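K.L.:
Below: one structure in structure tokens.
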Amino acid sequence: MTDSWWKKSVVYQIYPRSFADADGDGMGDLRGVIDHLDHLAELGVDVLWLSPVYPSPQDDNGYDISDYQDIEPLFGDLKTFDELLAGAHERGLKIVMDLVVNHSSDEHPWFLASRSSKDDPKRDWYWWRPARDGMEPGAPGAEPTNWGSVFGGSTWEFDQATGEYYLHLFSRKQPDLNWENPEVRQAVYAMMRWWLDRGVDGFRMDVINMISKTFGPDGALLDGQLPVGSAYADGSSGFLAGPRLHEFLQEMHREVFAGREGLLTVGEMPGVTVDEAIRHTDPDQHEIDMVFQFDHVWVDRGSEPWRLVPLQLTKLKAILGRWQAGLAEKGWNSLYWNNHDQPRVVSRYGDDSPEHRVASAKMLGTVLHLHRGTPYVYQGEELGMTNHPFRGIDEFQDIEALGMYRQAVEQEGRDPEDVLTFLRAQGRDNARTPMQWDDSPHAGFTTGTPWLPVNPNHTEINAAAQRADPDSVFHYYRRLIELRRTEPAVADGDFTMLLPHDERLYAFTRRLDRTELLVIGNFTGETVRAEIDGWDGAELVLTNLTKVASPTGVLTLAPWQAVIYRRML
């Protein structure tokens, strides 16, 4: 085991609510994960990232935690978790927990104490502020700042008991912890050590760059440049990368991770820049191993709210190329198309029609996994699962989607159908429909009524059918994952972008010592000719289609085709 073992690894994200239900209550659980560990082992991944499984009122599907050191009864108990941990380790799989410590649930004992009295010892564990000067507490506009919540409305909730407001960057049931208080930090670190001592192998840290808030010269929280209801305001509003973020992460490393081997630490950081990511992931800084950046999954959102724009491939290449170049010498990239917060990539950047779904799913996987960094596979991505055909707002359950819809339609007067069009394409529930295990009712996810409807296409797209089909998306992902282990250039090679101005082809090389790989993906439903001078006679390593010519200066790529060639220099 080396300190950089994760450079050759692939992470698989499990959203437990939607992965597999073993007890028939319609909700996924830990026993369901245990029952499918062999599927994950066969796929060849190395690390399982579990979205939150802690006790929670489930206001935000578990990202509102009421007890950091137990298991939500809907999912099981600590004994079942230990069984999952042992079963994963027996198969050579690591377990990474989701760490949600920018905020807790408003039902956490810490917050219940904090809101009970202005004199309670835990009052300063959260952000409490009085109304604006000269304004009546609780009156419209009396909120301490104009910050807009990610889920719509103000970030401030008036609490009648003490006559003050508490801060919540997300739901009103997710009050922000005050990381300026050293007692808060020590309580968090103690909890993290407890899980590591239990045997978990690291943490994915939810919106970790929001734990440090930005203050004015007098120590006050200041109004931001964006109005109420605007999500992710800039740093002047305190949402992103406050002045003590590096200090907090370095302290966390010293208090929790120093002296422990074989761990993985990943920081989700909306709005993080390349320069900031270099510093966060530079091993000499002793902060975290890699960050999740959002630039490439915001590329198809228009400048106006609720406006979708077609993918412009040159913009996507420019973004990913900038991150590849920026972290080439120091730090490390995390590579992902999908997660629990993003729509299905084959419906987003590919083509989910019956004619092209399989080819485009494989092409997208090829392009992503051949970049320099650690790839993440979100449950169902290895099957080419697609967005769900939501008919109306009543079929959505995501708190973000429902809050955005209310704000857009009821407060801003937008056309409901325009908002629905956006949510059908970008809504988080697209990623949260149940995993499609087979073609039986409810896709083999549950014997009960699933908490979120199963995609009707599960009769064609499911794990059982794909495991039996050697040409399936599942087995293609297996080959991509195996290539990372067998070809050192995939993990350790240099990255060079080719054809940066081409709107149809995504092409680049990876080079390590005398080995060079050429990767090309056709992002269109048309046949495209690619100029590839110098690759005559190169070895074809992998392609997602059966027919491909040897390179002879010009290569013809079929719709949504991907190719990987290797030559020795």
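The values are calculated or read from the model by the stated rules, or taken from the named source; none is laboratory data. Because the structure is predicted, anything quoted here is derived from the model rather than measured. Quick reminder, even Gly has a Cβ in these numbers, built from the backbone with ideal geometry, and neighbours come from all protein chains shown.
K.L.:
Conditions first: (1) touching a helix residue (DSSP H, G or I) at 6+ places or on another chain (Cβ under 7 Å); (2) assigned to a loop (DSSP other than H, G, I, E, B); (3) within 17 Å of residue 430 (Cα to Cα); (4) modelled with pLDDT of 95 or more. Residue 397 passes all but one, so which condition is the exception?
P.N.:
Of everything listed in (1) touching a helix residue (DSSP H, G or I) at 6+ places or on another chain (Cβ under 7 Å); (2) assigned to a loop (DSSP other than H, G, I, E, B); (3) within 17 Å of residue 430 (Cα to Cα); (4) modelled with pLDDT of 95 or more, residue 397 misses just condition (4).
K.L.:
Sticking with this one: Could you give every pair whose Cβ atoms fall below 8 Å, whose first residue belongs to the stretch 379-394 and is more than 19 Å from residue 339 (Cβ to Cβ) and of a type in the set (Lys, Arg), and whose second residue is at pLDDT below 95 and surrounded by 18 or more Cβ atoms within 10 Å (Cβ to Cβ), counting only separations of at least 6 or pairs across chains?
P.N.:
Short answer, once both residue conditions are applied: none.
K.L.:
Can you find, within the stretch 200-223, the residue that is surrounded by the fewest Cβ atoms within 10 Å (Cβ to Cβ) among those that are assigned to a loop (DSSP other than H, G, I, E, B), in contact with a strand residue (DSSP E or B) (Cβ under 7 Å, 6 or more places away or on another chain) and of a type in the set (Val, Ile, Thr)?
P.N.:
Within the stretch 200-223, the first condition is being assigned to a loop (DSSP other than H, G, I, E, B), and the residues that meet it are 200-201, 206-207, 211-214, 216-220, 222-223.
Still in the list and also in contact with a strand residue (DSSP E or B) (Cβ under 7 Å, 6 or more places away or on another chain): 200-201, 206-207, 213.
Now restrict to residues that are of a type in the set (Val, Ile, Thr): 200, 207.
Details: 200: 19, 207: 23.
Out of the qualifying residues, it is 200.
K.L.:
On to the next question. For the stretch 81-97, give me the residue count where each residue is of a type in the set (Val, Ile, Thr) and at positive phi. Please lay out each step first, then the result.
P.N.:
The first filter runs over the stretch 81-97 and keeps only residues of a type in the set (Val, Ile, Thr), leaving 95-96.
After this cut, where a residue has to be at positive phi as well, the list is none.
Here the count works out to 0.
K.L.:
Give me the residue from the stretch 155-176 that is surrounded by fewer than 21 Cβ atoms within 10 Å (Cβ to Cβ) and not acidic (Asp, Glu) and, out of that set, nearest to residue 404 (Cα to Cα).
P.N.:
172
K.L.:
Somewhere in the stretch 329-352, is a residue surrounded by fewer than 17 Cβ atoms within 10 Å (Cβ to Cβ), modelled with pLDDT of 95 or more and of a type outside the set (Asp, Glu)?
P.N.:
No, the stretch 329-352 has no match at all.
K.L.:
Please give the number of the condition residue 196 fails out of (1) modelled with pLDDT of 95 or more; (2) part of a loop (DSSP other than H, G, I, E, B); (3) surrounded by fewer than 20 Cβ atoms within 10 Å (Cβ to Cβ).
P.N.:
Result: residue 196 fails condition (2) only.
K.L.:
If only one of 436, 466 is crowded, with 23+ Cβ neighbours inside 10 Å and either in contact with a His (Cβ under 8 Å, 6 or more places away or on another chain) or charged (D, E, K, R) (or both), which one is it?
P.N.:
On the way: 466 fails: crowded, with 23+ Cβ neighbours inside 10 Å.
Answer to the check: 436.
K.L.:
Could I ask something else about it? What's the number of the only condition in (1) part of a loop (DSSP other than H, G, I, E, B); (2) closer than 30 Å to residue 50 by Cβ that residue 111 fails to meet?
P.N.:
So the condition that residue 111 fails would be (1).
K.L.:
Just to verify a result, which residue in the stretch 142-179, among those that are part of a strand (DSSP E or B) and charged (D, E, K, R), is nearest to residue 109 (Cα to Cα)? Spell out how you get there, then give the answer.
P.N.:
The initial filter retains those residues of the stretch 142-179 that are part of a strand (DSSP E or B), namely 148, 154, 156-159, 164-167, 176-177.
This time we only want the ones that are charged (D, E, K, R), so: 157, 159, 164, 176.
Details: 157: 18, 159: 17, 164: 19, 176: 14 Å.
This residue is 176.
K.L.:
Consider residue 485 against the criteria (1) part of a helix (DSSP H, G or I); (2) surrounded by fewer than 20 Cβ atoms within 10 Å (Cβ to Cβ); (3) touching a helix residue (DSSP H, G or I) at 6+ places or on another chain (Cβ under 9 Å); (4) in the same structural domain as residue 328 (by TED's automatic domain parsing): it satisfies all of them except one. Which criterion is unmet?
P.N.:
(4)
K.L.:
In the set 133, 98, 106, 120, which member is out of contact with any Gly (no Cβ under 9 Å at 6 or more places or on another chain) and touching a residue at least 12 places away in the same chain (Cβ under 8 Å)? Before you say what the answer is, go through the steps one by one.
P.N.:
Numbers: 133 fails: touching a residue at least 12 places away in the same chain (Cβ under 8 Å); 98 fails: out of contact with any Gly (no Cβ under 9 Å at 6 or more places or on another chain); 120 fails: touching a residue at least 12 places away in the same chain (Cβ under 8 Å).
Result: 106 is the single residue among 133, 98, 106, 120 that is out of contact with any Gly (no Cβ under 9 Å at 6 or more places or on another chain) and touching a residue at least 12 places away in the same chain (Cβ under 8 Å).
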